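What follows is a set of notes on a single structure, which appears directly below.
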Amino acid sequence: METDNLAPPRRRGRRWRRTAAVTLPLALVGTFAAVAAPSAFAAQYCGGVQYNVVSSWGSGFQANVVLTAGTAGLNGWDIEWDFPAGTTVSSAWNVGWSQSGRTFTGSDVGWNGNIAANQSREVFGFIGAGPSTAPTGITVNGESCDGAEEPVEPELEVDRANVVVDAGSTSAIEVGFSAATTAAHTVTTTRTSGSTDLTVSSGASLSFAAGDTNPKPVTFAAAAGAEPGESAVFTVASSGYSPVQVTVTVADLGEVTQNEERFLAMYDQLTGADSPYLHETGVPYHSVEELIVEAPDYGHETTSEALSYLQWLEAAYGQVTGDWSGYNESWDITEEYAIPGLNPTSYNPASPASYAPESGDITDYPTQLDFNASVGADPLGQELRSTYGNNQIYGMHWILDVDNAYGFGECGDGTTEPAYMNTFQRGSSESTWETVAHPSCETFDFGGDNGFLDLFVGDSQYSQQERYTAAPDADARAVQVAWMAQQWAQEQGQSSTISGSLDNASKMGDFLRYSFADKYFKQIAGDCIGINNCPDGSGKNSFHYLLSWYYSWGAGMNGDWSFRIGGSGVHQGYQNVMAAYALSEGGLEPNSPTAASDWAASLDQQLEFLEWLQVPQGSPGAGAIAGGATNNWGGNYGNPTTNAEFEGLYYDEQPVWHDPPSNRWFGFQVWGMDRIAQYCMETDDPRACNLLDEWVAWALSESDITAADYSLPGDLEWNGEPGAGLSASVINMSKDPGVAGAFAKILSYHAAATGDTASQTAAANLLDALWEANDGVGVTQTEGRADYCRFGDEVYIPEGWTGTMPNGDVLENGVTFIETRSFMTEFEGWDQVQAYIDGGCTGPAPEFNYHRYWHQVEVATAFQTYAALFE
């Protein structure tokens, strides 16, 4: 994919992190001071101490410490130093510490105590207040490690790079230097582009004496006649320092409420040129931290989920400020990087794909293509081509290697970033820890003789090709968000501003109907056992009208053949009645002739399906929503092991994904119920409102929420099946911030729909507790990762198959997860994981404070939702 013509993302400059910080395992880049042991010392224990100030704000800062061992190496360390007068530590990580007056003492916590002779290791970090100047009197294990101090390099900073202001009003920021300067400086703030209705009313020229680190205010004013949405860029500059840009936007805020202020603070954390959440293209990472393994197998991959959350964040910003440029840009980024441009010259809807059975045993792969198996006809292919004039699928591919860490690049070039890739490919038993990362565009440049294809599907001949997979819940979320944006922009009289983005969402919903279909377009019938015993579908009788786990498409490199498949596994957490409502009667009806009626049928089907899956009153866990269903048992049209059936679909406690069970996580409950809650509030549909009432009663009964803290269900255990003793129980508790943010939105919608004061109080308390969990980078909670012992799990490669990853990692029978991803050992935190593995995975699991992008947006938009409904 070419990137040269991409318009640069909006740059909002450097700013302070203003919220009190808590544990953070990953140091962010910034200024530093180094303290090295002089050669005059024998340096038996200490070869040097590097004291890095990695970010600063107002009177606070974050720092880390890198310790270099002396000639004897270190098997445990104790460090002591004297801070400048007035410097205190409020929290620290990976260290046992105390402070008495100016004297700070710290010691290792076991796993980080060993450092080989003359080797360096980042040993701990902390949050401080007061002067960030490097300490003196440093000793390590009683040995002096004091030396020449290099001064902290100051940078010009602002506390906010995005400012909103009402017409006729003012709003101020603070400007200053991150550390003491050696000379006096003048800082100027001037408008460099945009509306002349926005001006600097005070602080246009500020004088700072040498060493002055106290910030000073700059006030912006909007003319009385300024229109909401007008904006201007102001440049904050001082000779010898990199300038900072501040975007000021006219809004119709009235008095900014507490939760709007919280939303805007988090928006500033998540956006801008120095945001650790964003690639330079504007594509959001899955997490700030690179060393994280879940569905994305490292943190600087991203998912279509994250792109849909980018859209949500920017739509909420439009609602609060009247500035919709970010929402439109989020669609530009989505189109450029997440929607493949594959447009094969031919596609035959009468023969959409060749059958390849799935298996519950990963060692059965590659499974063999069966060209003799009959498949049904694709009911959408001709209609979509007639509507849009080509064979491109307008859907998001689910995963991207944003930093191109694997090195696939785009179509074998090895360099392009972000790059389309894939992982899961081998049935329901395949966990993240057993996947083989591979490129979506297969050119045979990496892997084995046939690239990676013959690890997954057996064929007589392999050809270069492109293959993509959509995650329907993400595409549906994009539609849901578009409907919200439509309502908010209409209220502001700005509908035309986002009309192009709304058209994109409508078009995506048109293609999202592929998730309604059986995988091979077979009829949805209760007796579909065995591929050749299932009647081929024609027309829409291959539709179950629910949002399945995926749909996929691809083509040969020369475009002379192509395929499309639907999805048979249906998970409750993927259903989105708001998207169905928007696409059937909510103003986002797609252009294809049958699309709106299909989505109307889906709306009814989704509600009936969720009613069927809800644990009935009188049973343990009454109100919870069970897993889902499938018409294609085991992915090979096998014999179901259940008697519970919903219109040709068999109950499946763990649809598609078994390691871990896919409906164990409470997060799928809140994702699904968020849409039900919003739909209930919007329409008063009794089916949705009854589902919501029963679910909220259950979820609140299992939660502990105060304004200071919260504890929510973590994992669930399921028994029985619909109509036969279906029940649920909570087996552990969690502080997952993303889940908490989604739950707060559900409670807010429920309170708005019903007037339930208990729900509103719980939502408000949950938001207060979440705000206290913001460490200045975002909302986070400490979590133990015992599953990281699985870095040593075998990734199944058949006997005799060999290949290589772009970095030279060898793929062969017996390799482990980390051996196929050796670059991960360079990520921050790996030494902690390695120590846990070396210790036999006994004792405390390694702990991390992650900053997942979707977590941040769920929480930020929870603040915005509550403010819009109640403030």
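Computed quantities for the displayed model
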{"item": "Qualifying position, being under 25 Å from E608 (Cβ atoms) and crowded, with 24+ Cβ neighbours inside 10 Å, among S538, S542, S501", "result": "S542"}
{"item": "The lone exception for E799 - which of (1) in a loop (DSSP other than H, G, I, E, B); (2) under 20 Å from the mean Cα position of the chain (by Cα) it fails", "result": "(2)"}
{"item": "Members of region 710-721 that are within 19 Å of L613 (Cβ to Cβ) and surrounded by fewer than 21 Cβ atoms within 10 Å (Cβ to Cβ)", "result": "D715, E717, W718, N719, G720, E721"}
{"item": "Some residue of region 306-329 being modelled with pLDDT under 95, surrounded by fewer than 21 Cβ atoms within 10 Å (Cβ to Cβ) and over 30 Å from P660 (Cβ atoms)", "result": "yes"}
{"item": "Residue check, W599 crowded, with 16+ Cβ neighbours inside 10 Å, touching a Pro at 6+ places or on another chain (Cβ under 6 Å) and either in contact (Cβ under 8 Å) with a residue 24 or more places away in the chain or not in a helix (DSSP H, G or I) (or both)", "result": "no"}
{"item": "Only one of V66, V49, V54 that is in contact with a strand residue (DSSP E or B) (Cβ under 8 Å, 6 or more places away or on another chain), under 15 Å from S132 (Cβ atoms) and not in a loop (DSSP other than H, G, I, E, B)", "result": "V54"}
{"item": "Residues located in region 415-426, provided they are assigned to a loop (DSSP other than H, G, I, E, B), of a type outside the set (S, T, N, Q) and closer than 20 Å to E336 by Cβ", "result": "E417, P418"}
{"item": "Residue identified as over 30 Å from I498 (Cα atoms) and either at pLDDT 95 or above or touching a Ser or Thr at 6+ places or on another chain (Cβ under 6 Å) (or both) among W665, W599, W657, W671", "result": "W665"}
{"item": "Residue tally, condition of a type in the set (A, V, I, L, M), in a loop (DSSP other than H, G, I, E, B) and within 31 Å of the chain's Cα centre (by Cα), over region 357-379", "result": "0"}
{"item": "Enumeration of residues in region 238-274 that are surrounded by fewer than 23 Cβ atoms within 10 Å (Cβ to Cβ), hydroxyl-bearing (S, T, Y) and modelled with pLDDT of 90 or more", "result": "S238, S239, Y241, S242"}
{"item": "Test: residue in region 707-719 that is within 30 Å of G360 (Cβ to Cβ), more than 27 Å from the chain's Cα centre (by Cα) and in the same structural domain as Q605 (by TED's automatic domain parsing)", "result": "yes"}
{"item": "Unmet requirement for Q605, which otherwise passes all of (1) closer than 23 Å to D518 by Cβ; (2) touching a helix residue (DSSP H, G or I) at 6+ places or on another chain (Cβ under 8 Å)", "result": "(2)"}
{"item": "Failed item, numbered, when Q44 is tested on (1) modelled with pLDDT under 85; (2) assigned to a strand (DSSP E or B); (3) of a type in the set (S, T, N, Q); (4) surrounded by fewer than 20 Cβ atoms within 10 Å (Cβ to Cβ)", "result": "(2)"}
{"item": "Residues within region 658-689 that are of a type in the set (V, I, T) and buried (at least 19 other Cβ atoms within 10 Å of the Cβ), tallied", "result": "2"}
{"item": "Scope region 803-812; condition touching a residue at least 12 places away in the same chain (Cβ under 8 Å) and either hydrophobic (A, V, I, L, M, F, W, C) or farther than 16 Å from D449 by Cα (or both); matching residues", "result": "M805, N807, L811"}
{"item": "Subset of region 694-726 (residues that are in contact with a Gly (Cβ under 9 Å, 6 or more places away or on another chain), among the acidic types (D, E) and over 17 Å from Q572 (Cα atoms))", "result": "E702"}
{"item": "When residues of region 517-547 are limited to those that are over 29 Å from W671 (Cβ atoms) and outside any loop (DSSP other than H, G, I, E, B), the one modelled with the highest pLDDT", "result": "D536"}
{"item": "Hey, D370 assigned by TED's automatic domain parsing to the domain that holds L512 and touching a strand residue (DSSP E or B) at 6+ places or on another chain (Cβ under 9 Å) or not", "result": "yes"}
{"item": "Test: residue in region 349-356 that is farther than 30 Å from D659 by Cα, in a loop (DSSP other than H, G, I, E, B) and at pLDDT below 95", "result": "no"}
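Okay, residues lined up against (1) in contact (Cβ under 8 Å) with a residue 24 or more places away in the chain; (2) at negative phi; (3) part of a strand (DSSP E or B); (4) not charged (D, E, K, R):
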site	(1), (2), (3), (4)
I138	yes, yes, yes, yes
E153	yes, yes, no, no
V163	yes, yes, yes, yes
A179	yes, yes, no, yes
T189	yes, yes, yes, yes
T192	yes, yes, yes, yes
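Conditions (1) buried (at least 22 other Cβ atoms within 10 Å of the Cβ); (2) in contact with a helix residue (DSSP H, G or I) (Cβ under 7 Å, 6 or more places away or on another chain); (3) touching a residue at least 12 places away in the same chain (Cβ under 8 Å), marked per residue:
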{"residue": "N450", "(1), (2), (3)": "no, no, yes"}
{"residue": "D454", "(1), (2), (3)": "no, no, yes"}
{"residue": "D459", "(1), (2), (3)": "no, no, yes"}
{"residue": "Q464", "(1), (2), (3)": "no, no, yes"}
{"residue": "R467", "(1), (2), (3)": "yes, no, yes"}
{"residue": "A476", "(1), (2), (3)": "yes, yes, yes"}
{"residue": "A485", "(1), (2), (3)": "yes, yes, yes"}
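Let's see how each residue does on (1) crowded, with 21+ Cβ neighbours inside 10 Å; (2) assigned to a loop (DSSP other than H, G, I, E, B); (3) acidic (D, E):
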site	(1), (2), (3)
I837	no, no, no
A845	no, yes, no
Q856	yes, no, no
F863	yes, no, no
A867	yes, no, no
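The values are calculated or read from the model by the stated rules, or taken from the named source; none is laboratory data. What you see is a predicted model; the values in this text were computed from it and never measured. Note that each Cβ is placed from the backbone with ideal geometry, even for glycine, and that neighbours are counted across all protein chains shown.
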